[in-house]
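Read through the structure below, which is laid out as structure tokens, and then see the notes.
Each reported figure results from applying straightforward, stated rules to the coordinates on display, with no laboratory input. Only a predicted model underlies this, so the values are computations on that prediction, with no experimental measurement involved. In this analysis, Cβ positions are derived from the backbone assuming ideal geometry, glycine residues included, and neighbour counts consider all displayed protein chains.
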Amino acid sequence: MMHRRTVLAALAAAPGLLAAAAGAQEARAAGIEISGGFARATAGMATAGAAFLTITSLGGADRLVGFATPACNRPELHTHIDDNGVMRMRQVEAIEVPAGGTAELKPGGLHLMLIDLNGPLVEGESVVVTLMFETAGAVEVTLPIKAAGATM
Ligand SMILES: [Cu+2]
């Protein structure tokens, strides 16, 4: 009983740990909620991967200005543009999260681009991503890695 109480107290003192314990699908910090996140498994010798998630602002507007992950050396925020019928990726400076609204990063649209991977993204494993928000600051999420063609 004593032991259990000690563990709970330790968790309460470390919000980061609590977020991790809550699972991969949801993280909440400083008015920002992350849900439905996943990364796509890479195939063969691919040196870049992509990750997707939904950002909800529970308060005012915010901006995702970047991210960091031990999985790669060059993290970039990307979107897709239709260039005369050809979908191309383009780096964006920031991703706007409207007040009380959501920003959706999904296949074919906005995404986290993991360039210069330190190793393949393997289905069934997970990748830790620290999202950097202009107002909310750093929000760490653990994203499950799904099959190469996963769309959600
Ligand atoms: Cu990209």
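When peptides 96-109, 125-138 are sorted by average Cβ neighbour count within 10 Å, with the highest value leading, the order is 125-138, 96-109.
Basic side chains Lys and Arg get +1 at the Cβ, acidic Asp and Glu get -1 at the Cβ, and with that the dipole of segment 24-146 about its Cα centre reaches some 160 debye.
Its alpha carbons give segment 24-146 an Rg and a Dmax of 13.9, 42 Å. With both labels modelled 7 Å from their Cα along Cα-to-Cβ, the Arg74 to Ala138 distance reads 2.4 nm. Within segment 56-73, what residues put their amide N at less than 17 Å from the label point 7 Å along the Cα-to-Cβ vector of Thr47? Within reach of a label on Thr47, which here means backbone N under 17 Å from a point 7 Å along Cα→Cβ, segment 56-73 contributes 71-73.
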